[in-house]
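Comments concern the structure below.
Just so it is clear, none of the values below were taken in a lab; they were calculated from the coordinates. Worth saying up front: this structure is predicted, and the values here are computed from it rather than measured. Ideal geometry is used to build each Cβ from the backbone, glycine not excepted, and the neighbour counts take in all protein chains shown.
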């Protein structure tokens with residue numbers, strides 16, 4: 001009878017203890033982070049699988065951000081779009097020709113890459129290559145058939161141009177077209193023609209120079225200050241070789257500058273001050289001579305002053321590639337041409353410009369989106385929108401291009417933080433070569449929290465969770481002690497009864 005009662009007590013005690021444990025388990029559950037019961041961690045990290053020899057398919061996993069992982073391959077430096085601008089200067093340039101000018105640059109107009117250069121960011125006097133900017137603004141803002149009248153202010157300023165500077169011979173009250181002034185500025189390098197163009201656009205040369213500097217800033221020039229509309233020898237009229245390349249690039253790609261610069265001869269018809277036409281012959285030796293003729297030349301401008309030395313900027317196009325060369329402070333009138341020809345040949349022989357085709361990455365982009373969506377299935381986050389952007393061209397060495405490449409989505413540094421309700425992912429799209437990986441695009445993905453989800457206060461969770469755990473542990477221990485005591489009492493009672501029976 002006693003045993004039965006003890007058994008009942010034990011059963012009731014165990015039941016009471018289990019009920020208490022269960023009750024304590026539920027206490028505070030509403031304060032728990034919803035992600036706590038999920039198999040995902042607080043952060044999700046995506047990484048890549050580089051096992052494919054063709055386009056590398058993205059492969060993502062979820063990692064605990066506090067855990068350490070071992071990489072199966074050494075990390076490769078990603079050459080970003082910004083790094084690509086000067087990365088080629090780090091290549092072995094043993095075939096680079098000797099250049100005599102104090103500063104020079106060979107620039108790829110399609111990719112924006114500097115292929116070769118020396119002192120190309122130094123501020124130097126450009127001489128008459130200044131006229132590229134003047135003519136660029138004229139072609140952008142004036143009608144070529146528009147008539148310009150040389151007013152008194154223009155005539156007065158023309159009279160201040162130093163003796164020895166090339167002039168068209170414009171006179172006060174002379175009426176001449178914008179087209180005639182443009183051709184005279186480029187072919188003959190007539191300083192009075194460029195001055196009149198500038199004053200016609202700005203009202204004064206000083207105001208026009210402000211327009212020149214504003215345009216230079218718009219093009220990304222950071223080492224340029226124009227204080228002359230035609231390239232007068234001034235220590236304040238300064239430009240870098242790199243900036244001049246940007247200015248010429250704008251002129252040949254956005255206007256008719258190339259057509260004008262390649263013209264061998266041009267006739268200015270008679271004006272109200274000149275009864276006879278004026279014949280102009282292009283003074284650029286790329287055009288007017290056979291010795292320095294270059295088949296791929298598409299436009300440029302020469303310059304010279306005692307302080308600037310010999311200057312030249314030129315563009316060439318071959319095999320759908322546009323290269324721009326600039327030499328400043330060359331040693332002679334002829335060396336500037338030979339230097340640029342050498343640079344052009346070097347660029348076309350040793351480097352290749354690759355057009356980036358977004359369609360090559362479509363499958364990889366779709367797979368990436370699917371993987372990220374799968375990762376977020378167990379969370380309250382979702383991908384709200386996605387945009388992709390690509391560079392137009394990539395310039396690399398010809399040797400590297402011949403070895404082939406694969407395409408890759410770089411997910412190694414992509415982290416989704418589930419504690420944040422709104423975040424942006426920037427995922428690089430890459431072309432992978434044997435020794436370098438170039439970023440050629442970007443997937444921009446916005447992550448949002450699903451509507452209607454209530455975020456739990458983490459402070460309540462952090463306060464009650466430890467207390468709940470302690471209470472559960474204490475209840476379990478107390479229950480085990482009670483069961484042990486009752487078991488000992490039952491055993492003792494059975495032992496006493498057995499002795500009494502004997």
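Applying 1/(1 + (r/R0)^6) with r as the Cβ-Cβ distance of residue 233 and residue 448 and R0 = 51 angstrom yields a FRET efficiency of 0.25.
Note on region 255-276 and region 323-370: Cα centroid distance 33 Å, given to the nearest whole angstrom. Ordering 150, 439 by the number of other Cβ atoms within 10 Å of each residue's own Cβ, fewest first, gives 439, 150.
Please quote Rg/Rh for region 130-293 to two decimal places, taking the Kirkwood radius as Rh and restricting both calculations to Cα atoms. My calculation puts Rg/Rh at 0.95. The Cα atoms of region 344-456 give a gyration tensor whose axes a ≥ b ≥ c have a/c of 1.5 or more with a/b greater than b/c, which makes the shape prolate. Enclosing the Cα atoms of region 243-283 in their convex hull gives a volume equal to 103 cubic angstrom per residue.
Exposure proxy ranking for 182, 148, based on other Cβ atoms within 10 angstrom of each Cβ and starting from the fewest, stands as 148, 182. Relative contact order, whole percent, for region 130-293 stands at 24, derived from Cα pairs under 8 Å and 6 or more residues apart. In region 165-255, Rg over Rh equals 0.97, where Rg is the alpha-carbon radius of gyration and Rh the Kirkwood radius from pairwise Cα distances.
Extending 7 Å from Cα along the Cβ direction at residue 144 and again at residue 270 yields two label points whose distance is 2.5 nm. What separates the Cα centres of region 77-104 and region 127-197 is a distance of 37 Å.
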